[in-house]
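Chemist: The structure under discussion is supplied below as structure tokens; questions concerning it will follow.
The values are calculated or read from the model by the stated rules, or taken from the named source; none is laboratory data. All values derive from a computational prediction rather than experimental measurement. Every residue, glycine among them, receives a Cβ derived from its backbone with ideal geometry; neighbour counts consider all protein chains shown. Areas reflect the complete protein model, heavy atoms only, side chains present, ligands, DNA and RNA absent. Shrake-Rupley method; radii C 1.70, N 1.55, O 1.52, S 1.80 Å.
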Amino acid sequence: MKRQVKGNVYWVGKIDWELKKFHGSEYSTHKGSSYNSYLIREEKTVLIDTVWMPFAKEFVDNLEAEVGLANIDFLVQNHAEVDHSGALPELMRRRPDLPIYCTANGVKSIKGQYHQDWDFHIVKTGDSIDLGNGKKLVFIEAPMLHWPDTMFTYLAGEAILFSNDAFGHHYASELLFNDLVDQDELYDECIKYYANILTPFSALVAKKIKEVVGLNVPVEMIAPSHGIIWRKDPLQIVTKYAEWAADYQENRVTILYDSMWDGTRKLAEAMAHGITDTAPGTEVCVHNVAKTDKNDVITDVFRSKAILVGSPTINKGILSAVAGIMEEIKGLRFKNKKAASFGCYGWSGESNAVLNGLLKDSGFEVLDEGFKALWEPDTEILNRAYDYGAEFARHV
Ligand code: FEO
């Protein structure tokens with residue numbers, strides 16, 4: 001059902017309460033999500049983005065009922081990842097002549113996914129389309145925020161920025177606007193989204209924010225493609241993005257590990273005590289990465305000034321859960337964070353060297369060779385692990 005956003009702008013998307021995993025199984029969506037599509041009804045009627053494929057039929061049926069497919073003048077596809085373009089095959093089956101406005105990379109992306117030669121119209125930054133009634137769409141390319149095809153669309157006359165994934169979050173809510181939802185939940189989902197999806201593109205985020213702010217146009221709402229619409233103080237999320245893009249860190253240390261027979265876990269906990277006793281203001285987060293949601297771990301890493309990574313040695317290497325999270329961490333290219341390794345071993349003890357190499361490859365400043373414990377840690381070794389944590393706290 002369509003819901004009014006502002007003036008003649010309506011939300012016509014889909015709230016997905018059931019979604020628990022996104023991007024395959026890569027991203028946990030504890031609070032569900034939404035695929036936001038918007039309809040502008042001026043002299044011209046424009047659809048901005050569609051919804052994910054499983055909801056294609058109900059989405060297009062709703063459009064038919066609410067506005068009539070024949071009455072839509074064109075579609076703006078800000079970004080063609082399948083969660084926003086998945087309803088295109090159904091929509092275009094029923095409106096094959098519908099013009100699609102997108103970037104040049106958007107055409108490549110849509111053709112690559114759907115293998116159709118629809119009526120594409122390529123737009124670039126600064127291009128605009130008059131909608132009548134004093135309203136105008138202006139396009140702003142935003143490559144790699146977070147795909148090469150991404151663009152923003154600004155509706156002049158209503159001062160709404162349709163930002164697609166940027167400023168979005170996976171958060172299902174019927175309440176539509178930011179001022180109506182739980183602010184802590186909203187913040188948690190926004191920072192998780194940035195940490196897990198946008199971190200590698202932080203330099204581009206900072207540059208794009210500067211460019212958009214430099215346009216000096218009013219922004220009364222920011223309408224992303226997931227989650228709620230920023231209506232109250234919409235620039236608050238832009239300010240947050242600027243902070244997060246600037247090698248963000250809090251006074252937080254995250255300890256992540258996996259353990260076979262609990263020795264490495266005991267080291268992790270002793271180090272956590274050492275850090276806390278030495279630097280009581282530091283938030284210490286301890287995660288067994290084989291048991292904790294990996295996106296929540298990544299969010300804590302994003303918020304941390306330093307991390308400790310632990311694994312016992314197995315087959316001259318590290319446990320697979322730790323290797324898995326380190327692969328994610330490497331891809332996210334965190335900056336300006338310190339790190340060290342720890343782990344138990346019984347005979348050869350290669351885990352520290354492996355972890356140190358992974359941490360260096362991932363851009364962390366590795367403080368030393370790490371902490372190693374032969375066999376099961378006894379009280380003396382746990383005291384040394386405590387001291388190691390205390391020393392770590394003094395250096396981060
Ligand atoms: Fe929400 Fe990049 O898709």
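Chemist: Taking the stretch 314-350, which residues are of a type in the set (Phe, Trp, Tyr) and either outside the structural domain of residue 259 (by TED's automatic domain parsing) or not in a loop (DSSP other than H, G, I, E, B) (or both)?
Modeler: If the condition is that a residue be of a type in the set (Phe, Trp, Tyr) and either outside the structural domain of residue 259 (by TED's automatic domain parsing) or not in a loop (DSSP other than H, G, I, E, B) (or both), then 342, 345 are the ones that fit.
Chemist: Sort out which residues of the stretch 239-298 are aromatic (Phe, Trp, Tyr) and within 30 Å of residue 219 (Cα to Cα), and write them in order of number.
Modeler: Within the stretch 239-298, 241, 244, 248 qualify.
Chemist: Could you tell me which numbered condition residue 348 fails, if it satisfies all but one of (1) open to solvent by less than 50 Å² (accessible area, probe 1.4 Å); (2) over 25 Å from the mean Cα position of the chain (by Cα)?
Modeler: Against the list (1) open to solvent by less than 50 Å² (accessible area, probe 1.4 Å); (2) over 25 Å from the mean Cα position of the chain (by Cα), residue 348 comes up short only on (1).
Chemist: With (1) open to solvent by 20 Å² or more (accessible area, probe 1.4 Å); (2) within 26 Å of the chain's Cα centre (by Cα) as the list, and residue 367 as the residue in question, which single condition is left unmet?
Modeler: Residue 367 satisfies all of (1) open to solvent by 20 Å² or more (accessible area, probe 1.4 Å); (2) within 26 Å of the chain's Cα centre (by Cα) except (2).
Chemist: Any chance the stretch 58-71 includes a residue that's within 27 Å of the chain's Cα centre (by Cα) and either at pLDDT below 95 or open to solvent by less than 60 Å² (accessible area, probe 1.4 Å) (or both)?
Modeler: Yes; the residues of the stretch 58-71 include at least one that is within 27 Å of the chain's Cα centre (by Cα) and either at pLDDT below 95 or open to solvent by less than 60 Å² (accessible area, probe 1.4 Å) (or both).
Chemist: Something else about it: Say whether the condition of being closer than 20 Å to residue 188 by Cβ, within 16 Å of the ligand (Cβ to nearest atom), touching a residue at least 12 places away in the same chain (Cβ under 8 Å) and open to solvent by 20 Å² or more (accessible area, probe 1.4 Å) is met by at least one residue in the stretch 30-43.
Modeler: For the stretch 30-43, residues closer than 20 Å to residue 188 by Cβ, within 16 Å of the ligand (Cβ to nearest atom), touching a residue at least 12 places away in the same chain (Cβ under 8 Å) and open to solvent by 20 Å² or more (accessible area, probe 1.4 Å): present.
Chemist: Evaluate the following for residue 14: is it open to solvent by 80 Å² or more (accessible area, probe 1.4 Å), of a type outside the set (A, V, I, L, M, F, W, C) and within 15 Å of the ligand (Cβ to nearest atom)?
Modeler: No: the conditions fail for residue 14.
Chemist: Let me ask you something else. Please tell me if residue 152 is within 16 Å of the ligand (Cβ to nearest atom), assigned to a strand (DSSP E or B) and touching a strand residue (DSSP E or B) at 6+ places or on another chain (Cβ under 8 Å).
Modeler: So residue 152 fits the description; yes.
Chemist: Go through the residues of the stretch 290-313 one by one and say whether even a single one is free of Cβ contacts under 8 Å to residues at least 40 places away in the same chain, closer than 30 Å to residue 204 by Cβ and either of a type outside the set (Asp, Glu) or in the same structural domain as residue 377 (by TED's automatic domain parsing) (or both).
Modeler: yes
Chemist: Those residues that are of a type in the set (Val, Ile, Thr) and within 16 Å of the ligand (Cβ to nearest atom), I need them from the stretch 212-236; list them, please.
Modeler: Selection gives 222, 228, 229.
Chemist: Also, I was wondering about something else. Residue 117 is checked against (1) open to solvent by 10 Å² or more (accessible area, probe 1.4 Å); (2) assigned to a strand (DSSP E or B); (3) not polar (S, T, N, Q) and fails just one. What number does that condition carry?
Modeler: Exception for residue 117: condition (2).
Chemist: For the stretch 209-241, which positions are more than 20 Å from residue 181 (Cα to Cα) and part of a helix (DSSP H, G or I)?
Modeler: If the condition is that a residue be more than 20 Å from residue 181 (Cα to Cα) and part of a helix (DSSP H, G or I), then 209, 210, 211, 212, 213, 214 are the ones that fit.
Chemist: Quick one: which helices (runs of 4 or more DSSP H) sit completely within the stretch 1-114 and have at least 3 residues that are among the aliphatic types (A, V, I, L, M)?
Modeler: 56-66, 88-94, 104-114
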